[in-house]
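Data first, discussion second: the structure below is written as structure tokens.
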Amino acid sequence: MKTNGRRGVPSSTHASSTGQALTEAGWLDVHFEACRPEYEAMLSSVGIEPGWHVLDAGCGSGSYLPLLTELVGSSGRVAALDLASDNIAIVEKRLSGWDLPCPVEARTASLESLPYPDDTFDAVWCANTTLHFGNEELPSVLAELRRVVRSGGLVAVKDLDTNLLRFYPADPFLIFHLSESGLCAERETAESIGSLRGRELRRWLERSGLTEVWQRTTLIERWAPLRAVERQLFGDWLGYLADLAEERGVPEADLETWRAVRDPAAPEYLPDHPEFYACEGQVVAVGRVPGGGG
Ligand SMILES: C[S@@+](CC[C@H](N)C(=O)[O-])C[C@H]1O[C@@H](n2cnc3c(N)ncnc32)[C@H](O)[C@@H]1O
């Protein structure tokens with residue numbers, strides 16, 4: 001078993017074949033199921049219409065595909081793309097078992113160089129994927145998303161804002177110290193910037209030349225007693241964050257707390273606390289490609 005080298009604790013990075021943290025299908029599935037009502041409401045709010053051809057850019061394990069195909073209906077089409085070939089293999093397997101209202105074509109490729117001609121799609125949905133890019137790379141990624149959407153079509157981006165993460169009754173400063181240590185230690189690391197950039201997405205989309213841009217933030221809140229899938233999500237989150245805290249060198253008092261609250265065998269294990277509360281903030285920003293009739 002892969003460990004982080006400390007106390008034999010299992011690795012909690014949930015990486016796919018690309019090595020990127022939190023991109024592995026098991027983690028993505030748990031996250032989606034635990035947050036399904038809010039996630040589906042976010043996608044439904046974008047304005048995707050029946051008959052459209054839509055790209056799910058950074059589709060992960062494909063959790064959004066059933067709803068995307070419902071939104072475009074039997075006269076629409078969906079394309080799913082991801083950098084991780086193991087995620088695309090899972091999507092293809094799921095597609096062969098699902099009975100969806102319209103065709104879905106999946107492929108492995110990068111957002112940095114989309115394998116589609118200009119104006120291929122009516123809309124792009126890009127969930128929790130632009131956060132893998134640093135500030136210097138993001139403009140060209142947004143330009144690429146915009147390139148493949150026709151005039152009048154929509155570019156929709158959803159990202160996590162880790163500043164909105166909270167776990168109670170733990171000390172809220174655990175998260176603040178972790179964010180701060182990430183920015184100090186890894187200022188140039190794409191993920192440390194990207195996961196704190198969510199609430200700036202509107203401005204990034206405006207700067208990329210999209211029009212009629214709007215942004216909405218959703219706070220996803222869960223309280224004890226947790227459903228099994230929620231208990232797993234927050235247990236996974238705590239393991240991941242506790243390992244980050246070890247790597248980044250937060251104050252020793254924080255480390256002791258992280259070690260206790262992430263350990264299912266410890267009495268302090270947070271997801272089992274009767275007054276447990278957790279929330280995460282997700283931001284959706286949507287803009288229109290200029291030049292069309294809408
Ligand atoms: C956090 S996951 C989100 C997956 C899915 N959109 C969801 O919300 O469940 C990010 C996904 O983006 C993919 N990804 C990362 N960098 C990418 C790139 N340059 N091009 C395409 N996909 C990328 C990862 O492989 C991963 O599947």
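List of remarks:
- TRP27 being away from the ligand (no atom under 13 Å from the Cβ) and touching a residue at least 40 places away in the same chain (Cβ under 8 Å): no
- Residue in segment 39-76 that is farthest from the ligand (Cβ to nearest atom), counting only those that are touching an Asp or Glu at 6+ places or on another chain (Cβ under 9 Å) and in a helix (DSSP H, G or I): VAL72
- Cross-chain or 6+ apart pairs with Cβ under 8 Å, segment 37-51 first and over 14 Å from CYS126 (Cα atoms), then part of a loop (DSSP other than H, G, I, E, B): PRO50/GLY73; PRO50/SER75; PRO50/GLY76; GLY51/GLY73; GLY51/SER75; GLY51/GLY76
- Selected residue (criterion: farthest from ALA15 (Cα to Cα)) from residues of segment 238-256 that are open to solvent by less than 20 Å² (accessible area, probe 1.4 Å) and within 23 Å of the chain's Cα centre (by Cα): ALA245
- Selection status of GLN282, polar (S, T, N, Q) and either open to solvent by 70 Å² or more (accessible area, probe 1.4 Å) or within 17 Å of PHE167 (Cα to Cα) (or both): yes
- Residue in segment 82-96 that is on the phi > 0 side of the Ramachandran plot and open to solvent by 80 Å² or more (accessible area, probe 1.4 Å) present: no
- Residue list for segment 87-132, restricted to those being in contact with a helix residue (DSSP H, G or I) (Cβ under 8 Å, 6 or more places away or on another chain) and among the aromatic types (Phe, Trp, Tyr): TRP98, TRP125
- Flag if THR120 is among the β-branched types (Val, Ile, Thr), over 28 Å from THR218 (Cα atoms) and touching a residue at least 40 places away in the same chain (Cβ under 8 Å): yes
- Helices (runs of 4 or more DSSP H) completely within segment 175-251 that count 3 or more residues being modelled with pLDDT of 95 or more: 201-207, 228-248
- Which numbered condition LEU165 misses (of (1) modelled with pLDDT under 95; (2) touching a helix residue (DSSP H, G or I) at 6+ places or on another chain (Cβ under 6 Å); (3) farther than 17 Å from LEU270 by Cβ): (3)
- Counting only residues that are assigned to a loop (DSSP other than H, G, I, E, B) and under 23 Å from the mean Cα position of the chain (by Cα), segment 257-275 holds 1 of them.
The values are calculated or read from the model by the stated rules, or taken from the named source; none is laboratory data. These numbers come from a predicted model, not from an experiment. No Cβ is skipped: glycine too gets one built from the backbone with ideal geometry, and neighbour counts run over all protein chains shown. SASA here: full protein model, heavy atoms, side chains in, ligands and nucleic acids out. Shrake-Rupley method; radii C 1.70, N 1.55, O 1.52, S 1.80 Å.
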